[in-house]
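The values are calculated or read from the model by the stated rules, or taken from the named source; none is laboratory data. Bear in mind the structure is a predicted one, so any value in this text is a computation, not a measurement. Cβ placement follows ideal geometry from the backbone for every residue including glycine, while neighbour counts extend to all protein chains displayed.
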Amino acid sequence: MNTLEDVTPFSEEKCIREARSVLDDEIEKHEEAIRALKRILCTVFVHISRQGQSDYSNGMSLEWTKVSHVCRYWRDCALDCPRLWSAPSFQPSQKWGLEMLHRSKMAPLSIRTDTSYMTPKAVDAVASALQQIHRISELHITAVPSTLQRLCTPLTTPAPLLESLVIHANPRSSYYVTDEGFPLADDFLAGETPRLRRLELIRTRINWKSDILSGLTSLKISKIPHANRPSLEQMMDILTKMPNLRLLWLEDFLQTSEPEAVCETPSGGGPSPASGSIGLSKLRSLHLHATTLQCATILDALKMPPTAALDLVIRGDSKTGRDFSALFPTFKRLGSDKQRIRSMIVDRYSVHSVTMRAHASASNTAAVPLLKLELSWQQYTPGIGAAVMHDVFRALPLRDLRAVQVRRIEYIDVEKWKGALGASPKLRSITVVGDDASARELISALATSRPQRTREVWIPSLRSLALEEFSFRSDYVVEEEFNDEDATLEELLDCLMWRQECRAPVTELRLMECKYIDEEAVARLEEVVVDVQWDELVQGYSEDEDYLDEDGGYSDYEYGYFGYPGDSDYDDDLYAAYLPAF
């Protein structure tokens, strides 16, 4: 095979053709390497430019151009990559957004913008970008209703490339929130969005018969104005058209006038959907925020895979109160092999609510829970949080439970402890935080034995016990009963020794931020428990008891002549001019 070096002015035509063929092959190899380098550079540029991007904004910084414009060759590569400019940013300068729109050529556009605080010129730039709706693949807009009216009203033509649509009618101030929201016109996008897979409507009204509500894989409906909320029957029809849903988020989504009657019996105020009538075989995550009966009806109608994660925010209204039993049949699906609950965390953030999280791992509680429940009620009654926790635990399949954390749930008595954890034979760890009465009742429960089995303790599998923010003495005890911490400590020691005698010892005891416990008490506990973890914080009585004299009262020396603590810290000479002569 002849090469270019072999060719001379006197070479035959055949030799010249062979040399040219070799040269073309070499050029093609170099061009392929150059094209690969351009693709790599463009991928890097796109990755950097999208780092400041969020669901509601394409970012406000153009710092990534410092990388794409390092040299002339890199700049040429960036200018020759339409995808790099397909996510225009209209802040801080609308001119940049329009220039990026021009450089994107005919690449599918991603418009993510929050116009709530934009200048009128920037809003004009966004409006000009929306005129190319035929090539927009992502449209995420957050704006006040008046701006949305201006931007969305002209959008009456089909959007063949649109895959994700988010419209958030956001008021400028929480003080001026109205219930009207923003109405989408019936001819919005002509109802033709063949590729649409994600739809989020926040404070946005829509015609519930629109063809946009079909074929979705992700649906979020939140804070819909009361007058435009769908009925239960309409919501069922909507979900029927979305068999491939993977994420379903419904918050304040149903009419409040009729679902209670519908949910009670099939013969109520309207047709009640059959159990499992709506198949969502691909659902991965479900978030519901509504009243007890509304959520119960939706959950009963859905047929979901056992691996779907549930996030339920339930409000007990005046009719159901703290009775959440309508939800309990749904919990049976958590008993499958793939959905075994191994960890429970119960917390109270207010006197009117309790939050519970069920995890598949006892060690990794930072992962997405299998079930998250936020239960709230209207009227406060002491001990209602403990009663709700007891009822939910009884309904959940907790036979594989390994660890439980109870935080600030007030007064869980012995019977509620036993009822809540009695069906957990594999439980190994209990943590109680914040409520002294609940912790004391737990100690009493752990010291009891099973009925007709005097040597078999309750939860024999328990090996770890943690008390956090626990006081070994009541904060309201009078002075002459300051030995109350001894009684609590003795009760804990008796419980631990009794379990050791019954061959169900607690091998790990953790005491964190506890009051009225010192090194001497911890030493006594170490004689019974193999591993005692104490943060060495001595709190509570360290200063109070120094003020007591032998009679149990406050001494004149500590309170000083004028009756205020700390007077004795000063030299008597300071008060010599004011004291009477002796």
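Identify the residue in the range 110-139 that is closer than 17 Å to residue 84 by Cα and over 30 Å from the mean Cα position of the chain (by Cα) and, among all such residues, is surrounded by the fewest Cβ atoms within 10 Å (Cβ to Cβ).
So the residue we want is 135.
Go through the range 333-375 and report how many residues are in a loop (DSSP other than H, G, I, E, B) and not β-branched (Val, Ile, Thr).
Total satisfying the criteria: 13.
Have a look at 406, 392 and point out the one that is β-branched (Val, Ile, Thr), in contact (Cβ under 8 Å) with a residue 12 or more places away in the chain and over 24 Å from residue 488 (Cβ atoms).
392
Quick check on residue 311: is it at pLDDT 85 or above and either farther than 29 Å from residue 425 by Cα or not hydroxyl-bearing (Ser, Thr, Tyr) (or both)?
yes
Give, as residue ranges, the strands (runs of 3 or more DSSP E) completely inside the range 376-473 that count at least 3 residues that are surrounded by 16 or more Cβ atoms within 10 Å (Cβ to Cβ).
Per the criteria, 403-407, 429-433, 464-468.
Exactly one of these conditions fails for residue 71: (1) more than 35 Å from the chain's Cα centre (by Cα); (2) modelled with pLDDT under 80; (3) not polar (S, T, N, Q). Give me its number.
Every condition holds for residue 71 apart from (2).
Matching residues to (1) of a type in the set (A, V, I, L, M); (2) under 15 Å from residue 311 (Cβ atoms):
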residue: 351; (1), (2): yes, no
residue: 368; (1), (2): yes, yes
residue: 378; (1), (2): no, no
residue: 381; (1), (2): no, no
residue: 389; (1), (2): yes, no
residue: 395; (1), (2): yes, no
residue: 405; (1), (2): no, no
residue: 411; (1), (2): no, no
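Of all residues being farther than 22 Å from residue 234 by Cα and hydrophobic (A, V, I, L, M, F, W, C) in the range 291-319, which is surrounded by the most Cβ atoms within 10 Å (Cβ to Cβ)? Just the residue, please.
Among those that are farther than 22 Å from residue 234 by Cα and hydrophobic (A, V, I, L, M, F, W, C), it is 310.
Condition check ((1) in contact with a strand residue (DSSP E or B) (Cβ under 8 Å, 6 or more places away or on another chain); (2) at pLDDT below 90) across all residues:
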residue	(1), (2)
90	yes, yes
94	no, yes
103	no, no
156	no, no
159	yes, no
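To keep it simple, each residue is scored yes or no on (1) exposed (fewer than 15 other Cβ atoms within 10 Å of the Cβ); (2) touching a strand residue (DSSP E or B) at 6+ places or on another chain (Cβ under 9 Å); (3) of a type in the set (Lys, Arg); (4) part of a loop (DSSP other than H, G, I, E, B).
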| residue | (1), (2), (3), (4) |
| --- | --- |
| 499 | no, yes, yes, no |
| 506 | no, yes, no, yes |
| 522 | no, yes, no, no |
| 525 | no, yes, no, no |
| 532 | no, yes, no, no |
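Determine, yes or no, whether residue 318 is modelled with pLDDT under 90, closer than 25 Å to residue 224 by Cα and out of contact with any Gly (no Cβ under 9 Å at 6 or more places or on another chain).
It is true that residue 318 is modelled with pLDDT under 90, closer than 25 Å to residue 224 by Cα and out of contact with any Gly (no Cβ under 9 Å at 6 or more places or on another chain).
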